[in-house]
Amino acid sequence: MEEARISDLEEIRERLDMISHYIRLELPGSNPAKARDYLSQVVKALNENRTSEARGLIKHAFTAAMPDVEFLLSTALKLRHDGEKLLRNKKFKEAISKFEDSLDRYRQALTAVEVMGDEEKAGKLRNAMETTDNFRKIANFRMIYKRIKEAKNEKELYAALEELQHIEVPMEDDRFDAMVTAHRRLIAMQLQTVAGMIREAHNLYRKEDLYSAKKTLEAAKASLDKLMETAKKYGLVNEIGQVGELLKAVTHNISGISELLFTGEKIRGWHFRVPKEEDFTIQEEEEEEEFFDMSLDFQKRFEMIRERYRIKDVIGEGAFSYVYKAVNSRGQKVAVKILKYLDRDYMESFKREFEVSAKLEHENIVRVYRADPQLGFLEMELATGNFEDYKKPLPVELAGRVVYEVSRALHHAHSKGIYHRDVKPSNILYFGSPERAKLGDWGLAKLASRATRKSSQVKHKTILYASPEQTSKRFGKLDHRSDIFQLGVVFYEFLTGRHPFIGETDGEIINNILNENPEPPSSLNPDARPFDAIVMKMIEKDPRNRYQTVRELQNDLREVLIRMGERVRESLGTRDVVEHMTKTICLMMKAIADGSSTNWRTDLQAIIRELNSLYEQTGDRDVLGVERQLELMLEQDAKPTEESLRQILPVLNRYGYACTMG
């Protein structure tokens, strides 16, 4: 007689509850009589301690009792669609109930499919359940967000905030935006209390109850200090300004009353400041109601996109989009960038990225293969990674080479009258080797004739890389020199591992960008000294004091990199020396091909000398053949074309450094 296993008995007990439930309902596809017959056999097997046999029989009983899977799926889908309609009509509580009922039906269907062992269908059902669960999260989130928007007092706001902290949200950006909205409203409410305290203090001052007036003002100041902390924590720039002005007024009043108490005399010119009503009023930002409605459509769009691609992992997330690793219908590995929302602003950014990418074909610009505005996605070349995730500081020479490659992308864009306006590490991607860098995410780019300060303002991390002219009118109009400043900030970070204008809040960062001058990179990393002058010129606050063109920047970068390579070679073995030679040759070839060389004949002579040294190191007759070919061009005063230089690459690429061009 076999020994009963606890796990078998537990499984039998769980199945019995569901079987009893379905037998009572008698749903389409269910066979209650057959299920009861199997249950009788289960009881008999258990009485005779044949547990394994009972476990097999309970599965048959379950299958007989279960309604038709497609009946369950039909019910689940209808409930989900009902929930979507309720969600669009802002009946959030009812929508949540429908989505939960839909999920219950899906779980029942999944259990049946798993019993049948059909893993393909089970996988599809899990995807459908994930979609439905996301709808439930959206409905729950929007219900709480509505409470935040409609809260009549601080108690209601704090209750909504407490709930917001613990719920699952469709996207973390949604939680952040709701937190910002809630704290903006809290500050607005609390400022009204502060307003009353200041008015009360003024009345007490007029009655010459100076002690009570001062204590009331000190309490108002303590409240304002806390509000300032909150405003800074959530980057509420307008609120920081308003609270700051009120703090000045309250501090002024306290100082004047203190002097009056101790001297019996008013400070000359001092008077009690009672701020105007508008100083206490914070205008709430209008939100497009469709903003959250469009989050509803993400899962639908995602399912339709999955019909065209084999979607792998999420490899990135920005303010506007998710980026997935995928395989297209041709079997090509690609990146698929899917917009989170299809509202007007995001669609404008999406279309611009595709249009700009179509105009910019260059080896240092990420290629976009196709766009689908209806579903809101781009298909583009798949990168190995980006420099936001790359360990910093970078080796100094590598940092210089990456910045040189990005400058090539910017020069090409500027020559077409296009500014990027959002140069930052996350938008600099690399392919295989980190030296194969490309600039991506042209969603904020604008034609020179249409560039504006307003359209350059972006949220969250982007503010770290904003140029002075993107944040203040006093530095003049926005042009290509803004890109140079942003690349300079990136260069500083690459060399030191630290941001030059870092601060705890957006307001502090903006102040540092506008008013503070960082120490040169070498103060943090002595090895960065060769690039000090270049970086500091790139991040000059006044655009007139920066590099005026990317060409000027490229020439200085190239000179430093070549000198650096020559010094480094003295301490390297033969193999590394050869690789450095090919890097230098590649650098000068690109300068001639790009037209950035100030004297192509001088650069060509330098390339010939490097090729001669490379031949001495390798004995490669093909290298000697390339050297003689270029000597002939020099004798005939024939400037090499990009195509003729590209033909040299297979010979150079034998020696450890993959040089690319065009």
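The values are calculated or read from the model by the stated rules, or taken from the named source; none is laboratory data. All of these numbers come straight from a predicted model, not from anything done at the bench. Using ideal geometry, Cβ is built from the backbone for each residue, glycine included, and neighbour counts are taken over all protein chains shown.
So if I check each of 566, 579, 616, 643, which one is surrounded by fewer than 18 Cβ atoms within 10 Å (Cβ to Cβ) and more than 26 Å from residue 433 (Cα to Cα)?
It is 616.
Identify, from the list 481, 474, 529, the residue that is within 15 Å of residue 393 (Cα to Cα) and touching a Pro at 6+ places or on another chain (Cβ under 9 Å).
Every option except 529 fails the conditions.
For the stretch 30-44, what are the residues that are farther than 24 Å from residue 70 by Cα and surrounded by 19 or more Cβ atoms within 10 Å (Cβ to Cβ)?
Result: 39, 42.
Would you be able to tell me the number of residues in the stretch 52-102 that are among the basic types (Lys, Arg), within 38 Å of the chain's Cα centre (by Cα) and in a helix (DSSP H, G or I)?
6
Taking residue 200 as the residue in question, decide whether it is out of contact with any Asp or Glu (no Cβ under 6 Å at 6 or more places or on another chain) and within 30 Å of residue 265 (Cβ to Cβ). If you could, list the steps in order and put the result at the bottom.
Working: out of contact with any Asp or Glu (no Cβ under 6 Å at 6 or more places or on another chain): yes; within 30 Å of residue 265 (Cβ to Cβ): yes.
For residue 200, the condition - out of contact with any Asp or Glu (no Cβ under 6 Å at 6 or more places or on another chain) and within 30 Å of residue 265 (Cβ to Cβ) - is met.
Which of the numbered conditions does residue 619 fail, given that it passes all the others? Conditions: (1) touching a helix residue (DSSP H, G or I) at 6+ places or on another chain (Cβ under 6 Å); (2) at pLDDT below 90.
All conditions pass for residue 619, except number (1).
Of these, 106, 158, which one is of a type in the set (Ser, Thr, Tyr), surrounded by 19 or more Cβ atoms within 10 Å (Cβ to Cβ) and under 39 Å from the mean Cα position of the chain (by Cα)?
Only one candidate qualifies: 106.
Out of the residues in the stretch 168-184 that are surrounded by fewer than 19 Cβ atoms within 10 Å (Cβ to Cβ) and not β-branched (Val, Ile, Thr), state the one that is farthest from residue 316 (Cα to Cα).
Going through the qualifying residues, I end up with 179.
Any idea how many residues of the stretch 308-329 are in a loop (DSSP other than H, G, I, E, B) and at pLDDT 85 or above? Outline the logic, then answer.
Looking only at the stretch 308-329, we keep the residues that are in a loop (DSSP other than H, G, I, E, B), and these are 308-309, 318-320, 328-329.
Checking the rest, the ones that are also at pLDDT 85 or above come to 308-309, 328-329.
Residues flagged as in a loop (DSSP other than H, G, I, E, B) and at pLDDT 85 or above within the stretch 308-329 amount to 4.
Within the stretch 614-662, track down each residue that is among the small types (Gly, Ala, Ser), part of a helix (DSSP H, G or I) and farther than 16 Å from residue 587 by Cα. Break it down into steps so the answer makes sense when it comes.
The initial filter retains those residues of the stretch 614-662 that are among the small types (Gly, Ala, Ser), namely 619, 625, 638, 644, 656, 658, 662.
So of that shortlist, the ones also part of a helix (DSSP H, G or I) come out as 625, 644.
Of everything in the stretch 614-662, just one residue is among the small types (Gly, Ala, Ser), part of a helix (DSSP H, G or I) and farther than 16 Å from residue 587 by Cα, namely 625.
Can you confirm whether the stretch 126-139 contains a residue that is free of Cβ contacts under 8 Å to residues at least 24 places away in the same chain and not β-branched (Val, Ile, Thr)?
Taking every residue of the stretch 126-139 in turn, at least one turns out to be free of Cβ contacts under 8 Å to residues at least 24 places away in the same chain and not β-branched (Val, Ile, Thr).
Assuming residue 105 fulfils every condition listed in (1) part of a helix (DSSP H, G or I); (2) over 24 Å from residue 61 (Cα atoms); (3) of a type outside the set (A, V, I, L, M, F, W, C) apart from one, which condition is it?
(2)
Test each condition in (1) closer than 30 Å to residue 504 by Cβ; (2) at pLDDT below 90 for residue 265 and report the one that comes out false.
The failed condition is (1).
Of 161, 157, which residue is at pLDDT below 90, farther than 21 Å from residue 276 by Cα and part of a helix (DSSP H, G or I)?
Numbers: 157 fails: at pLDDT below 90.
The conditions single out 161.
Scan the stretch 470-489 for residues that are surrounded by fewer than 24 Cβ atoms within 10 Å (Cβ to Cβ) and of a type in the set (A, V, I, L, M, F, W, C) and report the count.
Residues in the stretch 470-489 being surrounded by fewer than 24 Cβ atoms within 10 Å (Cβ to Cβ) and of a type in the set (A, V, I, L, M, F, W, C): 2 in total.
Under 21 Å from residue 507 (Cβ atoms) and not aromatic (Phe, Trp, Tyr): which single residue out of 187, 254 fits that description?
Among 187, 254, only 187 is under 21 Å from residue 507 (Cβ atoms) and not aromatic (Phe, Trp, Tyr).
Is there a residue being in a loop (DSSP other than H, G, I, E, B) and surrounded by fewer than 13 Cβ atoms within 10 Å (Cβ to Cβ) anywhere in the stretch 211-224?
no
Taking the stretch 500-531 on its own, how many of its residues are farther than 20 Å from residue 474 by Cβ and either of a type in the set (Gly, Ala, Ser) or part of a helix (DSSP H, G or I) (or both)?
Matching residues across the stretch 500-531 total 9.
Take the conditions surrounded by fewer than 19 Cβ atoms within 10 Å (Cβ to Cβ) and of a type in the set (A, V, I, L, M) and apply them to residue 514. Does it pass?
yes
Can you pull out every residue in the stretch 581-618 that is in contact with a Gly (Cβ under 8 Å, 6 or more places away or on another chain) and more than 20 Å from residue 397 (Cα to Cα)?
593
Does residue 152 qualify as being in contact with an Asp or Glu (Cβ under 6 Å, 6 or more places away or on another chain), of a type outside the set (Phe, Trp, Tyr) and surrounded by fewer than 21 Cβ atoms within 10 Å (Cβ to Cβ)?
no
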